[in-house]
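Enquirer: Sending over a structure as structure tokens; questions will come in a sec.
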Amino acid sequence: MRIDIADERAAEILGDALDGKAPSKEEMRHLATVEGTDVSLSLFQVARRITEKNFGHRIFIYGFIYFSTYCRNDCSFCYYRRTNRGPQRYRKSLEQITEAVQSLDEEGIHLVDLTMGEDPQMVEEKGLLPIIEICREIKRRYDIPLMISPGVAPRSILHELARAGVDWYALYQETHNRELYSKLRIGQSYEGRQKAKIDAMREGMLVEDGILLGVGETPMDVVDSVYEMLAGRAHQVRAMGLMPQPGTPLEGARAPPIFEEMKAIAMMRLVHQDRLIPASYDVDGIKGLELRILAGANVVTSLIPPDRGLKGVAQADLDIESSARTAKSIMPYLGRLDLEIAGRNEYMEWVEREKCHIRRA
Ligand code: SAM
Ligand code: MD0
Ligand code: SF4
């Protein structure tokens, strides 16, 4: 397919991508450096069209339950880091969690993402066993795909989570530049974090990986990450712009322009053509969802049920209690992009198909 832009090499790379041939890393480096509005616009357009070839005009939607905001870690970007006195710390009970799942289920959400800080009480004292119980109970009561984001977990726990029916393990590397990693995830093992994802896949779970933007990475770091996540065979890949948080070392940083996130999303789409790519409500709310989708995202994440005292991560309170962070409220915005929310069956079929591939690999 011919793309009409001045830089011939970029035109060829984008044309090939549209025909299903993902760019090499060298080619992506070229795309990342060549300047010009025509190149960026074509990049987004091509990414959107690749998404449509793979997923049609349908979007998946994920609910988010931050069930414990305690954390033993001290990530420099995170509001909930151990040493920050700002956040409200809570730990929801099994009943409170299942009620929140129920309300997401009624809303027609495709997947529930159960997230926690590395809560010392659960990670250290109880060895993550309560999480397994919670997941087993949700899977017993609801026929809904489940993702768990508990931080790094040992293989034995990942084994039990997979047995409890958990479909996805989310663990974002944030960057694949080790020096930068050590400044972001202070005192945490890079290899240990990568290994947990491999272990989760060996246990039969799908894996989500992701990177942060606006934290000191170079454009080439972003390109490296796109390919590292490919090497890791992640089923879902995300890029989120930093939201500087009060009380953290990155408090004074500037949130990167949405354009950076769109570029990263589009680059991921060119390479991870048939994988899932989120547009998170958590970064800057409704206003950025459409732009992220136009750059090639196909999942809206971080929808949060109101009236339950639940928090977001990068946006702790945004739009939750006003019920704006729900499936119903995002529908008109999808409508004007000529998109609609997929049926849950379609999502479940995607998940089952990918899980079969893991089992066969
Ligand atoms: N505690 C678990 C962990 O760290 O893996 C799971 C939850 S953690 C809160 C989920 C992700 O949110 C982080 O990996 C990071 O990518 C993202 N995040 C945290 N703080 C953020 C911020 N201020 N701006 C943008 N993204 C952020
Ligand atoms: C999101 N707030 O989807 C969530 C969170 C953790 N698995 C996901 C970062 O944006
Ligand atoms: Fe804890 Fe996760 Fe925040 Fe790091 S990103 S401080 S591990 S909640």
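The values are calculated or read from the model by the stated rules, or taken from the named source; none is laboratory data. Everything numeric here is computed off the predicted structure, so don't read it as measured data. Reconstructed Cβ throughout: ideal geometry from the backbone, glycine too, with neighbour counts over all protein chains shown.
Enquirer: Hey, could you check region 82-140 for residues that are under 17 Å from PRO306 (Cβ atoms) and free of Cβ contacts under 8 Å to residues at least 40 places away in the same chain and say which is farthest from the chain's Cα centre (by Cα)?
Expert: GLU106
Enquirer: Related question: Name the single residue, out of those in region 58-97 being within 16 Å of ligand 2 (Cβ to nearest atom) and β-branched (Val, Ile, Thr), that is nearest to VAL215 (Cα to Cα).
Expert: Result: THR69.
Enquirer: Return the pair list, or none, for Cβ contacts closer than 6 Å from residues in region 338-353 that are under 20 Å from GLY204 (Cα atoms) to residues that are charged (D, E, K, R) and surrounded by 12 or more Cβ atoms within 10 Å (Cβ to Cβ), at least 6 apart or on different chains.
Expert: VAL351/ASP167
Enquirer: If MET262 satisfies all but one of (1) surrounded by 22 or more Cβ atoms within 10 Å (Cβ to Cβ); (2) within 14 Å of ligand 1 (Cβ to nearest atom); (3) in contact (Cβ under 8 Å) with a residue 40 or more places away in the chain, what's the number of the condition it fails?
Expert: The single condition MET262 does not satisfy is (2).
Enquirer: Residue by residue through region 104-119, note down the ones that are more than 16 Å from ligand 3 (Cβ to nearest atom) and surrounded by 18 or more Cβ atoms within 10 Å (Cβ to Cβ).
Expert: Result: LEU104, ASP105, ILE109, HIS110, LEU111, VAL112.
Enquirer: Considering each of VAL299, VAL283 in turn, give the residue that is buried (at least 18 other Cβ atoms within 10 Å of the Cβ) and at pLDDT below 95.
Expert: VAL283
Enquirer: Being within 16 Å of ligand 2 (Cβ to nearest atom), in contact (Cβ under 8 Å) with a residue 40 or more places away in the chain and not charged (D, E, K, R) is true for just one of MET267, MET243, MET201. Which residue is that?
Expert: MET243
Enquirer: Which count do you get for residues in region 153-181 that are surrounded by fewer than 18 Cβ atoms within 10 Å (Cβ to Cβ) and β-branched (Val, Ile, Thr)?
Expert: Matching residues across region 153-181 total 0.
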